[in-house]
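Notes follow the structure.
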Amino acid sequence: MPSLKDLRNRISSVKATRKITKAMQMVAAAKLRRAQEAATAARPYAERMDTVLATLGQSANRDNASPLLVGTGREQTHLLIVMTAERGLCGGFNSNIAKLARADAQRLIAEGKTVKILTVGRKGADNLRRDLGRNIVERLDLRGVRQLGFGNAEEIAGKVLAMFEAGEFDVATLYFSEFKSVITQKPTALQLIPAKLPEGGAAAAQGDSARAVVEYEPDEEQILGYLLTRNISTQIFRGLLENAASEQGARMSAMDSATRNAGEMINKLTIKYNRQRQANITKELIEIISGAEAL
């Protein structure tokens, strides 16, 4: 049975831990609002980009279209771009993204496909290292980045496009966590190459009458080629922002749970300490009374 000193030390230790988790919860709450606003603001641009690509993709000549739109004609080599956080202590945020990517990778390998993994964020590589360590071809670290910008997405997109032009893969899929709410983050897989156009194309989004009055300058093929490259950076940037908001939401929920659990543990330890203290006092009183009666 632990002594009173051991119980006092344990209570002090849990109280110190509760202060840390409470502070981390408050910091995550402060960062969440800014990250959520950035993620929400990026969605309309990315959705509009999909609509324009759908319009141009429908009218493009598929025989001469960019491989970014129609693919290489093969689906043998897959590149999985797994984006996670640089730090932990955010519940199942990192593990859920890695779980989705691991399941897809194992399915593709079982089908005889070649799988290559590019990780963005230290935790993604850590989660996938044991099962798919040999498939990780590159690890990108954003640990020193305080404020995510479009330049960070362009850097990642440049590496992906360079690998595609070198013929290192046929299909690229982006993995990130879409922010729904503070308690809900949805692991998402988005195909980047070849571009996954919205079903129904622009007619479903805008209507045939709206599409008829659109004119492109210089011409549709040149604009499509530019937008396909731009779309890679745009979707990666959207994934980074969604991940940033999801990470802070998950950390806020995890630290709130940890703070409440620490409070419950302190109450249980305090009750145990008081019972042990009372038992010691009772034992001492019995010894004193027994000694007095013996005299």
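Derivation of every value follows stated rules applied to the coordinates shown; laboratory data play no part. All of these numbers come straight from a predicted model, not from anything done at the bench. As a convention, Cβ positions derive from the backbone with ideal geometry for all residues, glycine included, and neighbour counts pool all protein chains shown.
Things worth noting here:
- Ordering of 232-240, 104-112 by packing [mean C-beta count within 10 Å, highest first]: 232-240, 104-112
- For the peptides 245-253, 9-17, the ranking by packing is 245-253, 9-17, with the highest mean count of neighbouring Cβ atoms within 10 Å listed first.
- Between helix 122-132 and the chain: long-axis angle, C-alpha atoms, 0 to 90°, nearest 10: 80
- Values of log10 I(q)/I(0), in the order q = 0.07, 0.12, 0.14 Å⁻¹, for the chain under a Debye, Cα-only, solvent-free model: -0.40, -0.85, -1.05
- Simple spin-label estimate for SER290 and ASP6 gives 2.3 nm between the two label positions (7 Å along the Cα-to-Cβ direction from each Cα).
- Local net charge near ALA125, Cβ-Cβ under 10 Å (Lys/Arg +1, Asp/Glu -1): +1
- At an R0 of 35 angstrom, the distance between the Cβ atoms of ARG107 and ARG260 translates into a FRET efficiency of 0.35.
- Between SER13 and ALA166, the FRET efficiency from the beta-carbon distance, with R0 = 41 Å, is close to 0.15.
- Isotropically averaged projected area of region 77-157, using the convex hull of Cα atoms (one quarter of hull area), nm²: 5.5
- Electrostatic bookkeeping for SER177 treats Lys and Arg as +1 and Asp and Glu as -1; over the other residues with beta carbon under 13 Å from its beta carbon, the sum is +3.
- Packing rank of 124-133, 147-156, 80-89, where each peptide gets the mean count of other beta carbons within 10 Å, highest leading: 80-89, 124-133, 147-156
- Computed label-point distance, nm, for sites GLN278 and GLU221 using a 7 Å Cα→Cβ extension: 8.8
- Average projection area in nm² (convex hull over Cα atoms of region 3-82, one quarter of hull surface): 10.5
- Sites ALA23 and GLN191 - FRET efficiency at Förster radius 45 Å, r taken between beta-carbons, to 0.05: 0.65
- Rounded to the nearest 10 degrees, the angle from helix 220-294 to the longest Cα principal axis of the chain is 10 degrees.
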